[in-house]
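FYI, it's all coordinate maths here, none of it is from the lab. All values reported here derive from a predicted model rather than from experimental measurement. All Cβ positions, glycine included, derive from the backbone under ideal geometry; neighbour counts span all protein chains shown.
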Amino acid sequence: MRPREGDAVTAVFVPRAEWGALPSQGPSTDITPGRGGVTVHHVGPSPTARRDHADCAGQVRAIQRQHMDGNGWADIAYTCLVCVHGRVFEGRGPWVRTAANGTAAGNQDWYAVCGLTGGSPSGYDTVTDALLDAFRWSTGWLRDSGGAGAGINRHGDHIVTQCPGGLSPYVLNGSLEPGSGPRDRAGTWPFPFGRGTAGRGTAAGTAGTAGTGGW
Ligand SMILES: [Zn+2]
Ligand SMILES: [Zn+2]
C-alpha cells in the first residue's frame, strides 16, 4: 500500500466500501501470481473514460453488476480498476483469482488491472499521466501485498483480443513498471502533494490536475 520510490505518487486508493461495491460471492483464492504478474485491460472497444471523476464510481458499479448479474461471476472480474484521474478502485484485491484474463492459466498466474478507458484504432481515450501513475501504483501494490511476479502483460497475450487497445503501447514500452514514473526522469517530485483523499472531489480537484496540467 505504500508508494513506490520513483513514482509521482498521485494515485489514490478507493476501497470497495467507498465505491459502493456489492458483497463478493467468494471467488477462489487458489492462485500462483508469483509465476506471472499483472495483466492490463481496458473496458472495451468504445471510448468510455469519464470526464468528471464523480462519475467513475458509478461506472465501476455498473461493471460489477454486469459481471455478477449478467455473467454470473462471483464478483467484479478485475483485481482493481484505475481511472484517468489517478484513482485505484479496489476490485477482488490481492490473493483472489480473477475472472478477466480469458484462460485458466491466465487467471491462475496473473492479476487483472483494468483501465477505465476504451476505444479502437479509430479513436482511443486519452491516456493521462494520472492513469499511468495509477497503473504503476497498482502493480507495486500487487507485488508488495499480493505476491505478483515481475511480469506486466496484456489481455491479448492470453487470448486473441484487441484489449487493452490504446493502453497496449504503454505495456510494451515499460511505462507501467513501478519506478518508471516522472519522478525518476525529473529527479525531483513533480507534484507538491501527498496522497489525496479517496472518494472525494472531482477531476478538477485532484492533485493530478494541478500537477500535470492538461487535466
Ligand atoms: Zn481485457
Ligand atoms: Zn476518475
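Points worth noting:
- Relative packing of peptides 135-144, 39-48 - highest average C-beta neighbours within 10 Å first: 135-144, 39-48
- As a size descriptor, the averaged projected area of the C-alpha convex hull of the stretch 72-156 was calculated at 5.9 nm².
- With neighbours defined as other Cβ atoms within 10 Å of a residue's Cβ, the residues Glu90, Glu18 order from fewest to most as Glu18, Glu90.
- Shape call, the stretch 1-149: gyration tensor on alpha carbons, a/c limit 1.5: rounded
- Residue ranges 92-99, 122-129 sort as 92-99, 122-129 when ordered by packing (mean number of other C-beta atoms within 10 Å per residue, highest first).
- Order of Ile63, Ile76 - criterion: other Cβ atoms within 10 Å of each residue's Cβ, fewest first: Ile63, Ile76
- The mean sequence separation of alpha-carbon pairs under 8 Å and at least six residues apart, normalised by the residue count of the stretch 1-147, gives a relative contact order of 37 percent.
- Residues Ile31, Ile159, sorted so that the one with the fewest Cβ neighbours within 10 Å comes first: Ile159, Ile31
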